[in-house]
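Accompanying notes for the structure given below.
The values are calculated or read from the model by the stated rules, or taken from the named source; none is laboratory data. Keep in mind the model is a prediction, meaning the values are calculated, not measured. Please note: Cβ atoms are built from the backbone with ideal geometry, for glycine as well, and neighbour counts cover all protein chains shown. Remember, those area values only see protein heavy atoms, side chains included, never the ligands or the DNA or RNA. Shrake-Rupley method; radii C 1.70, N 1.55, O 1.52, S 1.80 Å.
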Amino acid sequence: MRIGIVGAGAVGGFLAGHLARAGTEVALLARGPHLAALRDRGLTVESRGERWTVTVPASDRAADLGAVDAVVVTAKAPALPAIAAAIAPMLGPDTPVVCAMNGIPWWYHHGRPGTESRTVDRLDPEGAIWRGIGPARAIGCVVDCPAQVVEPGLVRHVAPRPGALTLGEPTGGRSERIERLAAVMEAAGVRAPIADDIRAATWSKLFVNISRSPLGVLTGLSERGMAADRDTLEITVAIMREAQAVARAHGIDVDIDEARTRDPQNRSEHRSSMLQDWDLGRPMEIDGIVRAVQDFAREAGVATPTLDVVSTLLVAKARVAGTYSG
């Protein structure tokens, strides 16, 4: 199986390094200093006490890589409309596309019971993703892989547990294509459980992202730092409860483990991906993690007062920095 990875940053580099070490054919679509490092020195991964380097084909032109059996997009959501057009040369007639990113996915309404199959306007206002990739290719993905790019060409996995990409069909159930892809990832040492309800898995991870990532940017605190600060912790819990109410309005009931959430010992000093983006002056996943949930809440008549205040502050801060124009 030949797998194309688009956006060979922290998660993409982690996945590519594991797949290539296991003998899977990998092709990377990358750019800038990271691409130069991949070409000059290869890709180095540090994970759970191991360090290894692999050499993989990499280019900033999809046409150089050609068609693959599956595409995994690990770039951040703001880049996805442009990526949808750029990856056309990598797509064969049946090539699935996994969007491994945080927040509400663009395909969320595809296959959702009782809802018209359509894109999420907040994430895909011009329909470029819907047209360029298409809902039939989409495979859902929830990422649990705390990692960072230490320097171009060097990716460090910063958690003691194995990295995991939970996969799921937007229409529910299992399929041959998703079982094949999951098997390849598992064989490479990357956990790839298959969720029968990928939306429930998405909301479960989103409860964490929406309640911590914006606060991390606003406060500069690590995951553990936010739990150790009593006032910040209460804001975190309030946002989780509000997001849970929105999910329930969509017929999805996912529990929150408040006791675990409140214990700083269950948190690491990891800086969230949104905070890492802020540190580097890059666009953050504000729409997918925060504002799409607000849109859903308003459509359903669900009040989200705490989230609304935090979102207003986050958006204002990003606009001043010139990294958000929405």
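Structural remarks
- Taking every full run of DSSP H in the chain, the ones that stretch at least 24 Å from end to end by Cα along their long axis and average -0.5 or higher on the Kyte-Doolittle scale are 198-219, 230-249, 305-321.
- Here the scattering of region 129-187 is modelled by Debye summation over its C-alpha atoms, one equal scatterer each and no solvent; at q = 0.15, 0.16, 0.17, 0.28 Å⁻¹ the log10 of I(q)/I(0) is -0.63, -0.70, -0.76, -1.11.
- Each principal axis of the Cα cloud of region 1-88 was evaluated for its coordinate range; sorted largest first, these ranges are 38, 26, 23 Å.
- Most mobile of Val142, Val11, Val158 in a GNM of the chain (Cα contacts under 10 Å): Val158
- Asp64-Arg319 FRET efficiency (beta carbon distance; Förster radius 41 Å; 0.05 resolution): 0.65
- For the listed peptides 281-287, 251-257, 14-20, 70-76, a ranking on the average number of other beta carbons within 10 Å per residue, highest first, reads 14-20, 70-76, 281-287, 251-257.
- Summarising the overall dimensions of region 88-192 from its C-alpha atoms, the Rg and Dmax are 15.3, 46 angstrom.
- Region 33-151: Rg to Rh, with Rh as the Kirkwood radius over Cα pairs: 1.01
- Within the full protein context, the accessible area of Trp52 is estimated at about 30 Å² for a probe radius of 1.4 Å.
- Region 199-326: Rg to Rh, with Rh as the Kirkwood radius over Cα pairs: 0.95
- Over region 81-185, relative contact order from alpha-carbon pairs under 8 Å, at least 6 apart, %: 26 percent
- Whether region 41-109 is rounded, prolate or oblate, judged on the alpha carbon gyration tensor where a/c under 1.5 counts as rounded: oblate
- Measuring nothing but how far apart in sequence close Cα pairs (under 8 Å, 6+ apart) lie, relative to its length, the chain scores a relative contact order of 15 percent.
- Cα centroid separation, region 63-92 to region 1-61: 15 Å.
- Diffusion coefficient, µm² s⁻¹, Stokes-Einstein with Kirkwood Rh over alpha-carbon pairs of the chain at 10 °C and 1.306 mPa s: 79 µm²/s
- Summing charges over neighbours of Pro33, with a neighbour being any other residue whose Cβ is under 14 Å away from its Cβ, gives +1 when K and R count +1 and D and E count -1.
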